[in-house]
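The values are calculated or read from the model by the stated rules, or taken from the named source; none is laboratory data. What you see is a predicted model, and the numbers here were worked out from it, not measured in a lab. Methodologically, a virtual Cβ is constructed for each residue, glycine included, from the backbone with ideal geometry; neighbour enumeration extends over all protein chains shown.
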Amino acid sequence: MTKTLKLITANIQRLRELKGVSQKEVAAAMGIPQSQYSRIENGKGEPTITSLEKLAKALDTSITEFFKSPNGDDELNLPLMEKFKIVDNMDKDEKKAIYTIIDIAIAKKSMKDNLTAMMKQ
């Protein structure tokens, strides 16, 4: 099991227990069999983005909560290459959305740099 998957599954279990609900209740809210949910929580299978979205809804939380480090950091605690691996496993539309966000951030940075350079002249 990868470090990232361990983090996700630990957070899933922690959040479920904080909400005081059973695996069976969460599985029912997600519309999946309890055995399938158990595999997700125990790291026996890698959850998809869709299943993480359903899980976040079932636990009344944000999907980002599954990626938070145990020491309370508010940022996603993943190395850049781990993030690229996750994106690489997304479906076509999810990848397109991520690439669009990256393109917008790059364009914004480029525009800011160009304006700063022009102002210094």
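Taking interchain pairs and intrachain pairs at least six residues apart, which have beta carbon atoms under 6 angstrom, with the first residue in region 28-47 and in the same structural domain as Arg16 (by TED's automatic domain parsing) and the second in a helix (DSSP H, G or I) and small (Gly, Ala, Ser)? These pairs meet every condition: Ala29/Ala58; Met30/Ala58; Gln34/Ala27; Tyr37/Ala27. In the set Asp93, Asp88, only one residue is at pLDDT 90 or above and of a type in the set (D, E, K, R); that residue is Asp93.
A single member of Ala28, Ala56 is surrounded by 13 or more Cβ atoms within 10 Å (Cβ to Cβ) and modelled with pLDDT of 95 or more, and it is Ala28.
Mind listing whichever residues of region 12-66 are of a type in the set (A, V, I, L, M) and outside any helix (DSSP H, G or I)? If you could, list the steps in order and put the result at the bottom.
Filtering region 12-66 for residues of a type in the set (A, V, I, L, M) gives 12, 15, 18, 21, 26-30, 32, 40, 49, 52, 55-56, 58-59, 63.
Val21, Ile32, Leu59, listed by residue number.
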